[in-house]
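The values are calculated or read from the model by the stated rules, or taken from the named source; none is laboratory data. None of these values were measured; they are calculated from a predicted model. We place every Cβ from the backbone using ideal geometry, glycine too, and count neighbours over all the protein chains shown.
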């Protein structure tokens, strides 16, 4: 079935405080990420990947850091994108943050 | 800037009751769609496109119709994906529905 019903699919616990649910088709992957261990005093270490990424802040607030760009305070309803191989990260400002991250091509490391 | 702050970017009115805001990078596009004219008695006419699509229901409830699949009642937090050239559509169940649609490659018809 081409649907993921939130209440019916168990999340993958990446680590305590970070769960995700994934759908993908062709070269497109979308990842629902729930962080529940905010707020954080420090940002996560920046990372990069060759995939392009778009993100939608579905709940909560984050500081978004992207190499070469001013820091951005984003809240539910805001969006960002990431160029290939550009270092980026976030810091949680609220206890719960939900991000909807899309990638192309697939993040094979998530499968 | 690689961010779209919801409160700072004017939406594109596609038609009364349907507004959208778009980000894209490389071959990846994400479209924030706010419908405000639900609930609908009928679904929109099904459409298809060669792009792969994933969608996140960010607010409200819809019936999701996809060729060859059973109808699906989806609500905020649920997701779906669409194969290339597969006919699909939605019907609003609530007054306000927000969908976060991602496409690859870009929907040039949206630019």
Open item on the list: Residues that are free of Cβ contacts under 8 Å to residues at least 24 places away in the same chain and within 27 Å of residue B:78 (Cβ to Cβ): does the stretch A:78-100 have at least one?
Closed with: yes
Open item on the list: Would you confirm whether or not the stretch B:55-69 contains a residue that is touching a helix residue (DSSP H, G or I) at 6+ places or on another chain (Cβ under 7 Å), within 14 Å of residue B:99 (Cα to Cα) and crowded, with 21+ Cβ neighbours inside 10 Å?
Closed with: no
- [ ] Please go through the stretch B:50-60 and pick out each residue that is assigned to a loop (DSSP other than H, G, I, E, B) and more than 9 Å from chain A (Cβ to nearest Cβ).
- [x] B:50, B:60
TODO: Consider residue B:63 carefully, then state whether it is at pLDDT 95 or above and within 9 Å of another protein chain (Cβ to nearest Cβ).
DONE: no
- [ ] Please give the number of the condition residue A:7 fails out of (1) within 14 Å of chain B (Cβ to nearest Cβ); (2) outside any strand (DSSP E or B); (3) touching a residue at least 40 places away in the same chain (Cβ under 8 Å).
- [x] (3)
TODO: Give the number of residues within the stretch A:10-49 that are under 30 Å from residue B:88 (Cα atoms) and either more than 9 Å from chain B (Cβ to nearest Cβ) or in contact (Cβ under 8 Å) with a residue 60 or more places away in the chain (or both).
DONE: 15
TODO: Scan (1) surrounded by 15 or more Cβ atoms within 10 Å (Cβ to Cβ); (2) on the phi < 0 side of the Ramachandran plot for the single condition residue A:77 breaks and write down its number.
DONE: (2)
- [ ] State yes or no: is residue A:73 part of a strand (DSSP E or B) and modelled with pLDDT of 95 or more?
- [x] yes
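For the stretch A:81-99, check the following and say yes or no: at least one residue is more than 12 Å from the chain's Cα centre (by Cα), within 12 Å of another protein chain (Cβ to nearest Cβ), part of a strand (DSSP E or B) and surrounded by 14 or more Cβ atoms within 10 Å (Cβ to Cβ).
Pass one, the stretch A:81-99, residues more than 12 Å from the chain's Cα centre (by Cα): A:83-87, A:93-96.
Those still in the list that are within 12 Å of another protein chain (Cβ to nearest Cβ) too: A:83-86.
Of the ones still in play, those that are also part of a strand (DSSP E or B) are none.
There is no residue in the stretch A:81-99 that is more than 12 Å from the chain's Cα centre (by Cα), within 12 Å of another protein chain (Cβ to nearest Cβ), part of a strand (DSSP E or B) and surrounded by 14 or more Cβ atoms within 10 Å (Cβ to Cβ).
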